[in-house]
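Let me begin by presenting the structure, written as structure tokens, before commenting on it.
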Number of protein chains: 4
Amino acid sequence: MEPVLGAAEVEAYLDEVFPQVRGRFRILELGEMRLSCEMAVTDADLRPGGTVSGPAMFTAADCAFYMLTLAMIGREALTVTTGATINFMRKPRPGPIRAEARLLKLGRSLSVGDVLLYSDGVAAPVAQASLTYSIPPKRGQGG
Amino acid sequence: MEPVLGAAEVEAYLDEVFPQVRGRFRILELGEMRLSCEMAVTDADLRPGGTVSGPAMFTAADCAFYMLTLAMIGREALTVTTGATINFMRKPRPGPIRAEARLLKLGRSLSVGDVLLYSDGVAAPVAQASLTYSIPPKRGQGG
Amino acid sequence: MEPVLGAAEVEAYLDEVFPQVRGRFRILELGEMRLSCEMAVTDADLRPGGTVSGPAMFTAADCAFYMLTLAMIGREALTVTTGATINFMRKPRPGPIRAEARLLKLGRSLSVGDVLLYSDGVAAPVAQASLTYSIPPKRGQGG
Amino acid sequence: MEPVLGAAEVEAYLDEVFPQVRGRFRILELGEMRLSCEMAVTDADLRPGGTVSGPAMFTAADCAFYMLTLAMIGREALTVTTGATINFMRKPRPGPIRAEARLLKLGRSLSVGDVLLYSDGVAAPVAQASLTYSIPPKRGQGG
């Protein structure tokens, strides 16, 4: 099942529904059930000691998985995160975060997947997240 | 076991180690293994449609549990979040988020607890989170 | 919102849908959105060194929350666990496990809650779990 | 970093520390930071309706990751699960469960990884889990 939206369309839609991250996400690759993107960090994402904050890492994982889900199902604005687990494994450098997202299940009402986060200069993933989204029922269809 | 830091000391320490949230957290209650606080929201925390974003909710839960852990153990700057799970249950109103944190385990190297998040005008909790922190070994002691 | 099933009815229904735990669960208290129960352990639940295994603790949390959800909504056999997070905090004694479950959200299609697990002789909770269930649509209603 | 134990050694060690699963796990592949194994199911693992129970799936994920961690670090009996998140995505068939485990971080005191679970006759993974283990300090070394 190929994506129904292209990279530029998905980036534009993210900017529209989450204006606070406008211009910060750039999709590197988009394929069937997989997406790779990069999030630029701002001062607001950094913590003293030269690292990226937990909430910023959460934003990277959540937005990457959101873009992947939307790419696969189209512009469903009412798609929302219902749950997320994130494990912080290594200290990231104070720079862009790369997110590698996998869609593991794309159901009628829930999508489930995971994301590995990477930081330039750190070879191994800095964090791992799993996410579950609620997908709204399609107009004209029950349940 | 009573807290070793008072509310004002904890708020000041949070501002120092996480300047991006300076002035946004106010502790309402602090007791043995429990803390209640309120996080003011800014435009950056909101999403179109009149709600608070997932990353902002994550910030509220993480900072609340961080302040509780620090209140119990003192100013250990190297205390970091190792893992977090958050379940988003109800749509919050676009206003302050109240966090009720419980410390369930305070060990030598890990602390574990949970947080319920509330939104003014919504009676039931809008989100539930569980968090695990790594606590650095004390100076002068092994492991 | 009071439970629609009583303790004996819920225990009987659990035995019917999960015969492998027949007779091992005893409800101690059942109220609005809360349930307390005890799970007897068998040799199959123990690990050398005198403790209860992780999978057995998972069973205790999952069955407690299942019984609470069913008590609130009735005998919906297609109610299934969609996700669970469990934090193991203290080593339990090799004996019965008590589970204290809270229903935090009872929606049309998802229920979310948490469970604290206790072991006789250990004052503080030995584990904390959060669970999400999918509730089937009611017959005759869309979505 | 290659494993320090071979497949047969790891299987034997699992049988020793968790006798309740004796003979049920068979390692299919073992490599650097990766392990694939199969868990045979017994009647105790099944639920009416022809499926494998949640606790049995949890056992599969937990034992797979335990064997992978032990293969990488050696026979550290005090290695214990501190946390686990599992997402149940598809209904498994009532037969063997295959687990594909990845070690994402192998630290001095914590290991973190994930596991995808598969069921014969179901092409996509039936569940995804992330796990965190506490690794005991090595004898003779501090913390």
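Taking the 0 to 90 degree range and rounding to the nearest ten, how far is the long axis of helix A:7-17 tilted relative to the main principal axis of chain A, both from C-alpha atoms? The angle comes out near 90 degrees. Pairs spanning more than 23 Å between alpha-carbon atoms, out of D:105/D:138; A:105/B:105; A:105/D:105; B:105/C:91; C:91/D:138; A:138/B:91: A:105/B:105; A:105/D:105.
Across the options B:111, B:39, B:51, the greatest Cα extent toward the positive end of the charge dipole of the range B:7-134 (unit charges at beta carbon of Lys, Arg, Asp, Glu) belongs to B:51. The residues packed around residue A:117, meaning those with a beta-carbon under 10 Å from its beta-carbon, carry a net charge of +1 if Lys and Arg are +1 and Asp and Glu are -1. Of the residues C:8, C:131, C:92, the one whose Cα sits farthest towards the positive end of the charge dipole of chain C is C:131 (charges of +1 on Lys and Arg Cβ, -1 on Asp and Glu Cβ, taken about the Cα centre).
Here is the list for the range D:28-105: GluC sites (Glu not before Pro) lying in DSSP coil, each with at most 11 other C-beta atoms within 10 angstrom of its C-beta, are D:32.
How many Cβ atoms of partner chains, on average, are near each residue of C:6-12 if near means within 10 Å of its Cβ? What the average comes to for C:6-12 is 0.
In the range B:1-73, which trypsin sites (Lys or Arg not before Pro) fall in coil by DSSP and have 16 or fewer other Cβ atoms within 10 Å? Passing both the DSSP loop test and the Cβ count: B:22.
Working note: 222 nm ellipticity from helices only, DSSP H runs with n ≥ 4, each -39,500 (n - 2.57), summed and divided by the residues of chain A, gives -7000 deg cm²/dmol to the nearest 500. Under a model in which nothing but the beta-carbon of Lys, Arg (+1) and Asp, Glu (-1) is charged, the protein assembly as shown shows a dipole of about 0 debye around its Cα centre.
Axis angle, to the nearest 10 degrees, between helix B:54-73 and the longest C-alpha principal axis of chain B: 30 degrees.
Note on the range A:7-134: with charges restricted to the Cβ of Lys and Arg (+1) and Asp and Glu (-1), its dipole about the Cα centre is near 340 debye. Model label points for residue B:43 and residue A:75, set 7 angstrom from Cα along the Cα-to-Cβ axis, are 2.4 nm apart.
Note on the range C:26-137: Cα Rg divided by 2.2 N^0.38 Å, N the number of residues, gives 1.04. For the Cα trace of the protein assembly as shown, dividing Rg by the Kirkwood Rh returns an Rg/Rh value of 0.94. The residues packed around residue B:51, meaning those with a beta-carbon under 15 Å from its beta-carbon, carry a net charge of 0 if Lys and Arg are +1 and Asp and Glu are -1. Go through the range A:37-129 and name the trypsin sites (Lys or Arg not before Pro) that are in a DSSP coil and have 11 or fewer other Cβ atoms within 10 Å of their Cβ. Those that pass, being in a loop and sparsely packed, are A:108.
Here, each number is a calculation from the coordinates, and none is a lab measurement. These numbers come from a predicted model, not from an experiment. No Cβ is skipped: glycine too gets one built from the backbone with ideal geometry, and neighbour counts run over all protein chains shown.
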